[in-house]
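K.L.:
Before anything else, here's the structure in question.
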Amino acid sequence: MKINKNVALSDSGFVFNPSTGDSFSTNPIGLEIIKLLKEGKSMDYVKASLLKTYTIEEATLERDCYDFANMLMKFKLTEADEKAEN
Amino acid sequence: MKKLHYERPIIQRLNVGVMNKFGTKTEYAPVTHVDGNAVKGLLAKYGSPLFVISEKTIRKTFRDANRAFKTRYPKVQFAWSYKTNYVNAVCNVFHQEGSWAEVVSGFEYQKALQNGVSGNKIIFNGPDKSMEELTMAIENNSLLHIDHLDELYMIKELATKSKKKPRVAIRVNMDTGVYPIWDRFGFNYENGQAWDAINKIILNDQMELVGLHCHIGTFMLAPSAYGLAASKLSDLALSIKKKFKKSIQYIDMGGGFASRNTLKGSYLQGMDLAPSFDSFAEEITTAILNAGFAKDELPMLVLETGRALIDDAGFLLGSVISNKRLSDGRRATILDFGVNILFTSFWYDHKISPAQEFSQYSEDSVLYGPLCMNIDVVRENITLPPLKRDDQVVVHSVGAYNMTQWMQFISLRPAIVMIDKNDKPHLIRKRETLKSIETEEVLPAYLKDFKL
Amino acid sequence: MPRVPEIILFYRDSIVRSYGQIFFSDDRGFSVLLLAVSFINPFAGMSGLLAVISVIIMAKVMGLNPAITRTGLYSYNALMLGLVMGIYFQFSLAFFVVLLLGNFVTLLITVWMAVRTSSSKVPFLSIPFILGVWVVLLSSRSLGAIQLSERGVYELNELWNFGGPVLVAAYEKINEWNVPLAFDIYLKSLSAIIFQFNIIAGSIIAIGLLVYSRIAFSLSLIGFYSGYLFCYFVQGNISELQDSYIGFNFILTALGLGGFFLVPSSKSYLLVALSTPLVSLLIGALGTVLGVYQLPLYSLPFSLIVIGMVFTLNNRFEVKGLAPVLYQLYSPEKNLYSFWNQMERFKNDTYYHIHLPFFGEWRMSQGHAGGITHKGDWRFAWDFDIVDETGKTYRPPGKTTSDFYCYGLPVLAPAAGYVATVVDDVDDNEI
């Protein structure tokens with residue numbers, strides 16, 4: 001999945017989408033994921049990276065990332081014509 | 001390389017301009033220990049979920065209440081309301097602090113007796129008292145608070161057979177400015193029924209009228225109502241003195257003081273709304289002291305406070321079973337306790353704290369219990385940090401009514417632990433087993449066998 | 001009827017009441033009875049009466065307070081001295097001179113002790129008599145003119161001389177009465193108080209005592225027998241008790257503690273029963289010491305014990321149980337009725353009932369001479385506040401007045417009274 005190019009991020013977890021005018025707040029992990037995705041990395045890469053960095057089981061991570069990705073889509077932070085890759 | 005602590009990624013939309021009324025900071029601080037005992041450790045040892053009662057809190061609250069009244073009135077007596085929490089260990093803490101017992105049914109009466117309370121210090125309330133129960137209470141010199149005329153006649157009949165003269169009081173209901181008036185209990189003051197009942201008792205002379213009782217409501221937030229009730233009861237007492245030259249020994253103001261839980265639908269937090277013991281005491285004692293009693297005939301003031309004394313001392317520890325995303329995008333968290341053991345979640349928005357450290361990020365969630373019933377909602381809307389399976393939570397102020405109204409439904413009822421003054425936990429009720437459910441069941445023989 | 005001259009009344013009262021004083025009584029009938037009984041041994045009687053009269057005259061001449069003389073207070077010790085001397089010495093001129101001098105000494109000691117002890121409300125009992133008698137006895141050993149009388153030795157002869165065969169027969173008859181030993185000793189000890197050692201005197205005194213005061217009579221019995229039983233119990237010298245009638249100390253102790261210095265009550269009776277053993281011990285102890293000098297004990301044990309007891313009881317921090325007699329009416333019954341009367345009439349006036357000015361439990365944060373502000377004119381003030389179990393006087397955070405536990409609580413009047421002024425324009429203190 002790709003994050004909309006215009007989305008602005010701050011280090012404190014503030015996310016701004018200029019196309020809709022919405023602002024969001026996210027936690028450090030969420031911010032990390034969004035950053036990686038914005039850089040163009042795939043979801044699999046993100047998951048692998050997180051697995052290395054944090055103490056978490058793969059199954060839980062899998063679930064949470066899936067959920068997070070859906071939220072991003074719902075909030076229209078992703079590019080509409082791209083499909084989410086699992 | 002050491003791995004970092006993981007927290008589920010969340011993203012939350014910020015709504016500009018609308019103040020988030022559910023997002024008060026007080027829900028955020030983690031509660032990792034109760035009275036010096038780690039939540040994790042307690043749950044590991046006694047199972048999840050788990051009720052925890054803090055003896056220190058009980059005693060402190062009781063002493064505060066006692067002081068509030070004793071420094072305003074010469075004769076004060078508390079009676080512990082068994083229906084609020086009749087676990088023997090809890091009752092005995094109150095008895096140790098000097099409380100009598102107030103019971104509303106036969107089995108509660110027996111419980112009080114077995115706990116060691118002497119008969120003459122048990123107040124027997126309630127509309128349903130059988131002949132056997134009344135007989136036993138009369139033999140033990142207990143105080144019978146009469147609810148209706150049928151009961152009055154029952155006692156009258158028993159009095160002729162017994163050598164002892166029953167000591168009775170009547171329950172009076174009245175208009176105290178609050179809605180609703182509980183006029184289903186006791187005799188009404190305004191329409192003269194109470195005075196009528198009093199006359200019947202005194203002129204009859206088979207019973208001894210020793211007190212007047214009222215219990216004007218529950219979770220009362222207006223102390224002035226009590227002041228009004230106290231002055232009406234005092235008026236009755238003075239009228240009795242005037243007509244019959246008889247002094248009433250005590251005025252029982254019942255219970256009903258609010259605790260610090262937040263009622264559902266309340267805009268303000270319960271902590272800000274609940275009046276202090278001092279304000280109730282001020283209203284009641286001022287009313288009685290100014291009523292016009294002669295100095296040495298001031299009646300004893302009896303209080304049957306329950307909820308306000310125990311609620312804050314009770315905690316419910318539980319664990320997260322799973323998370324869901326609802327169709328409208330809200331997060332739902334399922335806990336291992338629900339309305340089956342937290343009955344008061346029907347009335348209150350309990351304060352619920354996570355039991356482990358977390359970041360400042362939070363999201364709106366709804367909390368469900370483990371039952372497969374749609375009404376099993378613990379909190380419809382709460383802002384909590386992201387929780388995952390096996391995270392633990394602490395529910396505050398559950399001491400009142402939960403351990404008496406919990407259901408034997410779907411889940412086995414949990415254990416209850418009391419932490420004493422030295423921070424040592426004691427098991428005061430074991431976790432139920434299948435045996436607890438089946439022990440009273442009788443299976444007819446013809447139903448034993450079946451072929452599938 | 002012509003008015004009897006004051007002087008006659010004065011002498012009559014002074015003389016008669018001296019006899020009663022020995023028994024802690026001012027009852028005239030009883031006193032006259034004692035006077036009469038003292039003459040059963042006529043020599044003792046005469047000597048005693050002479051002693052009394054002489055001392056009263058001395059007191060008048062020296063200008064002592066006639067009101068006190070009239071109560072017999074200055075003369076009862078001399079009376080006892082006279083009785084003793086009359087028994088033990090031959091009548092002669094020298095004897096009478098020594099008697100007078102001895103009485104004078106006794107009077108001096110009496111007056112000195114009366115003044116010294118009056119401030120501490122402690123009696124002097126028969127200490128002057130004892131000191132006086134020792135002076136006389138010790139000095140008489142070196143005075144040739146004073147002869148010990150041999151009267152006691154030839155009792156029957158004496159009686160014959162006095163009253164002929166009738167008296168002798170009567171005497172013998174009386175001796176044959178089968179009075180139980182315990183009772184016999186009691187009566188004789190009773191008579192020994194006025195130095196008559198026979199059962200007739202004892203019986204008359206007993207009857208007189210019974211008539212004058214039932215309480216005194218019962219006390220005399222309780223006192224005597226409690227001491228006697230104690231002696232028996234510790235296997236003391238019972239025979240000495242019998243021979244010397246020193247048991248009269250028990251009787252006097254009982255009369256003094258049971259109904260004279262203390263209001264009669266079950267507790268005062270108990271005190272008597274506990275004191276007579278002390279007297280008994282003292283008899284043994286003093287007897288041994290004084291025996292070295294061949295000095296008699298007489299009523300020294302009783303005097304010391306009763307003086308000691310009265311002193312201790314008068315110096316109690318908390319007067320509970322044993323009520324002291326504040327105004328002496330010289331009769332146990334009168335003391336008792338007066339006490340009851342006072343209790344009924346003035347029970348609430350003895351201590352003014354003041355209550356603390358609050359309900360419930362408060363703490364006194366500063367008391368008398370507290371040092372913080374209770375100094376000078378304010379040193380007898382009391383400050384009160386309320387603390388919780390942790391010792392704090394406020395609910396946290398304690399930033400406003402209403403956070404303090406004692407704020408707004410009712411304050412009571414310590415006692416009934418009238419409102420004098422109302423001051424309501426003082427602002428609350430700042431926190």
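K.L.:
For a Förster distance of 30 Å, can you work out the FRET efficiency between the beta-carbons of A:Ser12 and B:Leu326, rounded to the nearest 0.05?
P.N.:
Details: r = 29 Å, r/R0 = 0.95.
Here the calculated transfer efficiency is 0.60.
K.L.:
Give me the count of lysine pairs in chain A whose alpha carbons sit under 19 angstrom apart, restricted to pairs 8 or more positions apart or on different chains.
P.N.:
Lysine pairs, 8 or more places apart or on different chains, close enough: 27.
K.L.:
While we're looking at this one, here's another question. What lysines could a cross-link reach from B:Lys430, if we take a straight Cα to Cα line under 27 Å and drop same-chain neighbours fewer than 8 places away?
P.N.:
The reachable lysines, counting only those whose Cα sits under 27 Å from B:Lys430, are B:Lys40, B:Lys45, B:Lys56, B:Lys60, B:Lys83, B:Lys111, B:Lys351, B:Lys421.
K.L.:
So the label point goes 7 Å from the Cα of B:Leu273 along Cα→C-beta, right? Which residues of segment B:295-320 then have their backbone N under 12 Å from it?
P.N.:
Within reach of a label on B:Leu273, which here means backbone N under 12 Å from a point 7 Å along Cα→Cβ, segment B:295-320 contributes nothing.
K.L.:
Report the antiparallel proportion of the DSSP beta bridges in the protein assembly as shown as a percent, rounded to a multiple of 5.
P.N.:
Working: 45 of 84 bridges.
Given both bridge residues lie in the protein assembly as shown, the antiparallel proportion sits at roughly 55 percent.
K.L.:
Using the charge dipole of segment B:126-303 (Lys, Arg: +1 at Cβ; Asp, Glu: -1 at Cβ; taken about the Cα centre), state which of B:Gly256, B:Met220, B:Ala194 has its Cα farthest towards the positive end.
P.N.:
It is B:Ala194, whose Cα lies furthest towards the positive end.
K.L.:
Could you calculate the contour length gain from B:Glu157 to B:Glu190, that is, 0.36 nm times the residue separation minus the distance between their Cα atoms, to one decimal place in nm? Provide the component values of the computation, followed by the final result.
P.N.:
Details: separation 33, 0.36 × 33 = 11.88 nm, distance 2.81 nm.
Net length gain for the segment: 9.1 nm.
K.L.:
What size of dipole, in debye to the nearest 20, comes out for segment C:354-431 about its Cα centre when the only charges are +1 on Lys and Arg C-beta atoms and -1 on Asp and Glu C-beta atoms? Working shown, then result.
P.N.:
Working: 6 positive and 12 negative charges, 61 e Å.
With only Lys, Arg, Asp and Glu charged at Cβ, the dipole is about 300 debye.
K.L.:
If you don't mind, another one. Among A:Asp44, A:Asp64, A:Asp11, which one shows the biggest mean-square fluctuation in a GNM of chain A, springs joining Cα atoms closer than 10 Å?
P.N.:
A:Asp11
K.L.:
May I pose another question? Classify segment C:166-351 as rounded, prolate or oblate, taking a ≥ b ≥ c as the square roots of the eigenvalues of its Cα gyration tensor: rounded when a/c is under 1.5, otherwise prolate if a/b is larger than b/c and oblate if not.
P.N.:
Details: a/c = 2.57, a/b = 1.53, b/c = 1.68.
Note, shape of segment C:166-351 comes out oblate.
K.L.:
Using only Cα atoms, locate the centre of segment A:31-51 and the centre of segment C:29-69, then give the distance between them in Å, rounded to an integer.
P.N.:
One Cα centre to the other: 130 Å.
K.L.:
Calculate, for C:Phe384 and C:Lys121, the FRET efficiency according to 1/(1 + (r/R0)^6) with r their C-beta to C-beta distance and R0 60 Å; round to the nearest 0.05.
P.N.:
On the way: r = 38 Å, r/R0 = 0.64.
Rounded to the nearest 0.05, the efficiency is 0.95.
K.L.:
What size of dipole, in debye to the nearest 20, comes out for segment C:1-147 about its Cα centre when the only charges are +1 on Lys and Arg C-beta atoms and -1 on Asp and Glu C-beta atoms?
P.N.:
On the way: 9 positive and 4 negative charges, 34 e Å.
The dipole of segment C:1-147 has a size of about 160 debye.
K.L.:
Mind telling me which of C:Phe104, C:Phe384, C:Phe91 comes out most flexible in a GNM of chain C, alpha-carbon contacts under 10 Å?
P.N.:
For chain C, modelled as a Gaussian network with Cα springs under 10 Å, the answer is C:Phe384.
K.L.:
Find how many whole Å separate the alpha carbon centroid of segment C:263-322 from the alpha carbon centroid of segment B:330-361.
P.N.:
Result: 82 Å between the Cα centres.
K.L.:
Let me ask something else about it. For the pair B:Leu4/C:Lys375, report the inter-label distance in nm, with labels modelled 7 Å from Cα in the Cβ direction.
P.N.:
6.5
K.L.:
Cut-off 19 Å, label point 7 angstrom out along Cα-to-Cβ of C:Val61: give me the residues of segment C:84-105 whose amide nitrogen falls inside.
P.N.:
C:93-105
K.L.:
Within segment B:55-91, what residues put their amide N at less than 15 Å from the label point 7 Å along the Cα-to-Cβ vector of B:Gln405?
P.N.:
So the set is B:82-86.
K.L.:
Same structure again: So, in nm, how far is label C:Leu329 from label C:Leu108 when the simple model puts each one 7 Å beyond its Cα toward the Cβ?
P.N.:
Rounded to a tenth, the inter-label distance reads 4.0 nm.
K.L.:
With +1 on each Lys and Arg Cβ and -1 on each Asp and Glu Cβ, and nothing else charged, work out how big the dipole of chain B is about its Cα centre, in Debye to the nearest 20. Don't skip to the end; give the middle numbers.
P.N.:
Details: 56 positive and 50 negative charges, 183 e Å.
So the magnitude is around 880 debye.
K.L.:
In addition: Helix-only mean residue ellipticity at 222 nm, chain B, DSSP H runs n ≥ 4 weighted -39,500 (n - 2.57), per residue, nearest 500. What is it?
P.N.:
-8500 deg cm²/dmol
K.L.:
Please compute the modelled spin-label separation between A:Asp22 and B:Gln96, points set 7 Å along Cα→Cβ, answer in nm with one decimal.
P.N.:
5.6
K.L.:
Could you work out [θ]222 nm for chain C from helices alone, using -39500 (n - 2.57) per DSSP H run of at least four and dividing by all its residues? Round to the nearest 500 deg cm²/dmol.
P.N.:
-19500 deg cm²/dmol
K.L.:
What does the C-alpha gyration tensor say about the overall shape of segment A:8-74? Classify as rounded when a/c is under 1.5, otherwise prolate if a/b is larger than b/c, or oblate. Don't skip to the end; give the middle numbers.
P.N.:
Working: a/c = 1.97, a/b = 1.79, b/c = 1.10.
Prolate, since a/c reaches 1.5 and a/b exceeds b/c.
K.L.:
Using the charge dipole of the protein assembly as shown (Lys, Arg: +1 at Cβ; Asp, Glu: -1 at Cβ; taken about the Cα centre), state which of C:Ala201, B:Leu342, C:Ser338 has its Cα farthest towards the positive end.
P.N.:
Among C:Ala201, B:Leu342, C:Ser338, the one farthest towards the positive end of the dipole of the protein assembly as shown is C:Ala201.
K.L.:
Let me ask something additional. Considering the options B:Ser118, B:Phe280, B:Ile58, tell which one lies farthest towards the positive end of the dipole of chain B, charges being +1 on Lys and Arg and -1 on Asp and Glu at the Cβ, about the Cα centre.
P.N.:
The residue sitting farthest along the positive end of the dipole is B:Ile58.
K.L.:
Taking chain C as a Gaussian network, Cα atoms linked when under 10 Å apart, which of C:Ala36, C:Ala51, C:Ala416 shows the biggest mean-square fluctuation?
P.N.:
C:Ala416
K.L.:
Please work out how much length the chain gains when fully extended from C:Ala420 to C:Ala170, using 0.36 nm per residue of separation minus the C-alpha to C-alpha distance, in nm with one decimal. Display every interim value, and only then the final one.
P.N.:
Details: separation 250, 0.36 × 250 = 90.00 nm, distance 8.27 nm.
Length difference between fully extended and current span is 81.7 nm.
K.L.:
Taking other Cβ within 10 Å of each residue's Cβ, how do C:Leu131, B:Leu301 sort, fewest first? Numbers along the way, then the final one.
P.N.:
Numbers: C:Leu131 19, B:Leu301 23.
The order, fewest Cβ neighbours first, is C:Leu131, B:Leu301.
Each value in this text was obtained by applying a stated rule to the coordinates, not by laboratory testing. Nothing here was measured: the structure is a model prediction, and the numbers come from that model. Backbone-built Cβ (ideal geometry, glycine too); neighbour counts: all protein chains shown.
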